[in-house]
1. Largest first, please: the extent of the C-alpha atoms of segment 225-286 along each principal axis, to the nearest Å.
2. How would you classify segment 239-396 from its alpha-carbon gyration tensor, with a ≥ b ≥ c the square roots of the eigenvalues: rounded for a/c under 1.5, else prolate if a/b is greater than b/c, otherwise oblate?
3. List the chymotrypsin sites (Phe, Trp or Tyr not before Pro) in segment 311-396 that DSSP assigns to loop (not H, G, I, E or B) and whose Cβ has at most 15 other Cβ atoms within 10 Å. Which are they?
4. Check each of the trypsin sites (Lys or Arg not before Pro) in segment 187-278 and keep only those in coil by DSSP with at most 16 other C-beta atoms within 10 angstrom; list them in order.
5. For segment 305-396, please report how many Lys pairs fall under 24 Å Cα to Cα, leaving out neighbours fewer than 8 apart on the same chain.
6. Grab the other residues whose beta carbon is less than 9 angstrom from that of Pro291, score K and R as +1, D and E as -1, and report the net.
7. Under the definition of Cα pairs under 8 Å and six or more residues apart, what whole-number percent is the relative contact order of the chain?
8. Please report the spacing between the Cα centers of segment 84-118 and segment 260-304 in Å, no decimals.
Amino acid sequence: MKRVLSGLRPTGRPHIGNLLDALNNWRNLQDKYDCFFFVADWHFLTTAVEDIKNLPETIVDMVVDWMAVGIDPEKCTIFVQSNIKQHAELHLLFSMLISVSRLLRNPTFKEHVAELKLKELRKEKKKTVERIADATIERFLELVGEGFEKEKLKEKEYREILKVRLKESLLEGAFSIMGAEEEEISYGHLVSYGYLGYPVLQAADILIYKADYVPVGGDQLPHLELAREIAKRFNSIFSPVFPLPEPLLTSFPRVPGTDNRKMSKSYGNAILVTEDPNVLLEKVMGMYTDPEKIRKNDPGHPQRCPVFAYHQMFNKSKEMEIKEECTLGKRGCVQCKKEVAKAMIEYLAPYREKRNQILSEKKKITEVLKEGNKRAKEIAERTMEEVREAMSMWRD
Ligand code: SF4
């Protein structure tokens with residue numbers, strides 16, 4: 001059987017975005033390939049070393065949910081990266097085969113740095129920009145209040161929405177102007193040495209198991225390319241130890257968070273796969289919707305609304321009906337949210353039940369990880385023996 005390797009950082013229990021992109025895919029792959037799925041805890045530390053305190057509990061919690069959605073330890077190997085020390089050894093050896101400038105060119109690294117620079121700028125400039133934005137909004141409302149959609153401007157709700165939208169666009173404009181000056185900001189102190197080497201560790205994760213395939217979305221292709229470059233370099237300098245891994249390209253749906261940004265725990269906009277139904281309902285009821293649809297009979301734009309995106313994912317049979325009713329102003333957002341929450345609760349119910357069942361025999365999870373770690377370690381050590389031999393490393 002061809003081998004597949006994939007991992008997730010232990011950021012906590014998976015959210016529905018993780019389910020729809022990684023986990024559903026893993027569940028299919030485990031029937032066709034020799035799959036190795038791992039908890040990427042060292043990768044987690046590259047950006048969150050201060051959050052290490054509850055990591056063991058978080059790892060168990062996450063693996064319980066993997067199993068709850070159908071990742072089956074009878075069909076695949078589940079392990080924890082940091083338990084297999086051979087990854088670290090190979091990472092170190094690989095780090096001699098790649099230049100710093102190559103790593104600095106990695107698009108993910110560039111994006112991360114750009115984000116950090118912007119954050120830094122935001123911290124410094126936020127107050128000033130907000131003051132400017134507030135003053136401008138007040139002035140704008142004064143100026144247009146008399147003539148511009150006068151009737152609607154009298155309504156408090158409409159004014160509030162207008163204010164928020166104006167403020168958002170002004171802030172965005174101001175920050176993007178400041179972002180344009182980002183080259184002038186030094187960033188070395190913001191990024192860890194570990195983060196720069198992230199793709200090298202990833203290359204070690206993949207190559208140590210001689211994986212044939214790695215499931216990736218288009219944006220992760222550069223990382224896999226780097227792993228292939230390292231493998232080629234190693235094979236040409238020493239001996240052909242590593243097969244070149246191929247991508248298993250998957251098109252993942254964009255899953256919006258409750259605020260319509262990409263779903264991410266760090267944004268506080270995530271809905272967990274095994275979310276308590278009451279919490280799920282509360283989160284959905286507080287969701288962002290089409291800002292132009294204030295009353296039930298206002299025509300809406302479902303394609304701009306994350307509630308509609310959830311209907312498409314969890315309430316597929318009603319998609320067309322909801323789209324039409326929203327567009328024609330025949331559907332209210334409150335009812336629409338209640339319906340989608342109900343559909344989501346039903347869709348996710350089997351996962352919640354399975355989670356409770358797994359939790360009732362918690363010892364089993366430790367055994368699963370122990371077994372997975374053992375299998376992973378054996379294979380990793382076999383590869384490392386070949387690597388040490390090929391490199392003529394010292395051995396007693
Ligand atoms: S009716 Fe539904 S789809 Fe339309 S804007 Fe409101 S919440 Fe979104």
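The values are calculated or read from the model by the stated rules, or taken from the named source; none is laboratory data. If you're wondering where the values come from, they're calculated on a predicted model, not measured in any experiment. Because the Cβ atoms are built from the backbone with ideal geometry, glycine has one as well, and the counts that use them run over all protein chains shown. We work out accessible area using only protein heavy atoms, side chains counted, and drop any ligands, DNA or RNA first. Shrake-Rupley method; radii C 1.70, N 1.55, O 1.52, S 1.80 Å.
1. So the extents along the principal axes, rounded to whole Å, are 59, 20, 20.
2. Cα axes put segment 239-396 in the prolate bin.
3. Numbers: sites: Phe314, Tyr347, Tyr351, Trp394; in loops: Trp394.
Those that pass, being in a loop and sparsely packed, are Trp394.
4. Here the trypsin sites (Lys or Arg not before Pro) that fit, given the DSSP loop and packing criteria, are Arg254, Arg261.
5. Eligible lysine pairs with Cα atoms under 24 Å apart amount to 26.
6. +1
7. Details: 480 pairs, mean separation 85.9, N = 396.
After rounding, I find 22 percent.
8. Centre-to-centre (Cα) distance: 36 Å.
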